[in-house]
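Contents: one structure, followed by commentary.
The values are calculated or read from the model by the stated rules, or taken from the named source; none is laboratory data. None of the values given here were measured: they were computed from a predicted structure. Cβ coordinates were reconstructed from backbone atoms using ideal geometry, including for glycine residues, and neighbour counts include every protein chain displayed. With ligands, DNA and RNA removed, areas are computed over all heavy atoms of the protein, side chains included. Shrake-Rupley method; radii C 1.70, N 1.55, O 1.52, S 1.80 Å.
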Amino acid sequence: MFINGQWLKAQSGDTFQSYNPASGEPIGQVPAGKSADAVKAIDAAAEAFLLWSCQTAYQRSHFLYEAHALMMADLERLACIMTEEQGKPIQAARNEVKYGADFLLWYAEEGKRVYGRTIPSARSDQRFLVLRQPVGVVGAITPWNYPISMITRKVAPALAAGCTIVLKPAEATPLCASAVFEIFEKAGFPAGVANLVTALDPGPIGETFLSDFRVRKVTFTGSTTVGKMLAKGAAPQLKRLSLELGGHAPFIVCRDADPLHAAKGLALVKFLNSGQACISPNRIFVHTEILKPFLAELTSRVSGLKAGSGFDAGVRIGPLINERELDKIDRQVQDAVAKGASLVTGGCRLTDGNLGRGFFFAPTILSDVNSDMSIYREETFGPVAPVIPYDNEDDLLAMANDTHYGLASYVYTRDLKKAFRLFEGLQFGIVGINDINPTSAAAPFGGMKESGLGREGASEGIGEYLETKLGGFSI
Ligand code: ADP
């Protein structure tokens, strides 16, 4: 753990293992932090806040620029750690490290643009001044599916704003987190500004963040279930929260769309990270008139996807993170097939050769999916594409919005009017129109409804770490 500028063991001396999900083998040990370790990290962050929050934005940016340069210089090593610990193919891991570094650079710049404002008063002897100030110590909890970029997406804006942070990474990917904090150490951030507490049992760390009054903000990326628990736990102190939670993205292919182009887009975005992404398409609505060519193109692309270790050439499908995820996906597929879905390709765990040692699920296409099936409502987080044929475009918005989630959505159409109707009517924080990658450090990412609170990236992202203060001056 990295606390107050030092690498420390847990106070209990306990450790836990990290595993390679492609082989099931242990790959490293890290400290199993408990509540006492979290308190120690909060002590350090609270102390560091006094000085860090008083530095100029230019001084703080200097460290973020440095961290960005170091991360880019170390890209290959970081990508290898990620592929080994999280499983994604090495090229995808490289892309993620680059995306993670983007946040450091973007917020090094945005930190200098935390503008206040003056407001004209109705009284000639009064002046209003609005100041934006860092909220204080931040407690951050990050997931395993994007184990590096989800860290920088929180740390960069928090530090740029003048906050200090204690971060607890997912128990499945602590080595990625340690590697990122080694970069922060090398970048020379003052002691206590960025602290890392690894833990096998996340509950006590989360509770400590919620109950310690010095932590003024909790930022979380993970499941909706845990997000709701944190929201409840934050209520007694009215702690500020940012939550990036689950999704159930509709992927709408309109009648006028090019079915081959849409199928290509779907094959690319659905199987990224083996479907373990909160913005992964989960309900694919395809107009019946173009269903046949769409499915044919999709099937030919998907059945060619090679599964295996992310280090092997040509591999596009890495393992799932653990057996529990594998079982959940298997249950959803079985349930859909039992209720009448047709299995176009895939549909089972992969066990050929060495694959049986890891957690591999075959890239899968289901057609004739309907609303009776659990996959229609539950987040999948796996390489399964559920296709739902439809006839009437007037029903599209109601069908797509019929979910408690509201993170990402996708539309394929060549009709500008339809594009606008759907863009404006979809109740999702992110809408990709003929675009499968509507994400960037410069763009606000986040969900509506039960997909979360707040936004990450862009100027909205730094706003999450700032308080607004009004000054009224009688002169
Ligand atoms: P998933 O099921 O995809 O692992 P989680 O929401 O359980 O999603 O995990 C996301 C992050 O939330 C991880 O860092 C995990 O350790 C953390 N987490 C899980 N349960 C809790 C909890 N009760 N309190 C605080 N953090 C938690």
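Summary of computed values
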item: Protection proxy ranking, peptides 17-30, 400-413, average beta carbon neighbours within 10 Å, highest first; result: 400-413, 17-30
item: Surface per residue (accessible, 1.4 Å probe) for the range 249-433, Å²; result: 40 Å²
item: Solvent accessible area, Å² - S309, 1.4 Å probe, full protein context; result: 40 Å²
item: Nearest-10 value in Å² for the accessible area of K228, using the 1.4 Å probe; result: 100 Å²
item: The chain, Rg to Rh (Cα coordinates; Rh as Kirkwood inverse mean 1/r); result: 1.00
item: 3J(HN,Hα) from dihedral phi, the range 266-281, Karplus parametrisation 6.51/-1.76/1.60, rounded to Hz, x for glycine, proline; result: 5, 4, 6, 7, 5, 9, 4, 6, 6, x, 8, 9, 6, 9, 5, x
item: Accessible area in the full protein assembly, largest first, 1.4 Å probe, for I81, I462; result: I81, I462
item: V431 long-range amide H proximity, modeled H, under 5 Å; result: S409
item: Rounded Å value of the spacing that divides the Cα centres of the range 370-390 and the range 162-194; result: 37 Å
item: Accessible surface of the chain [probe 1.4 Å, protein heavy atoms]: carbon and sulfur percent; result: 55 percent
item: Antiparallel DSSP beta bridges within the chain, as percent of all bridges there, nearest 5; result: 40 percent
item: Exposure ranking of H248, H68 by accessible area [1.4 Å probe, largest first]; result: H68, H248
item: Under-5 Å amide H pairs with F16, H placed in peptide plane, nonlocal only; result: V30, A32
item: For I141, residues with placed amide H under 5 Å, excluding near neighbours; result: K168, T219, F220, T221
item: For the range 53-168, share of DSSP beta bridges that run antiparallel, in % to the nearest 5; result: 40 percent
item: Antiparallel bridges, percent of DSSP beta bridges restricted to the range 249-433 (to nearest 5); result: 15 percent
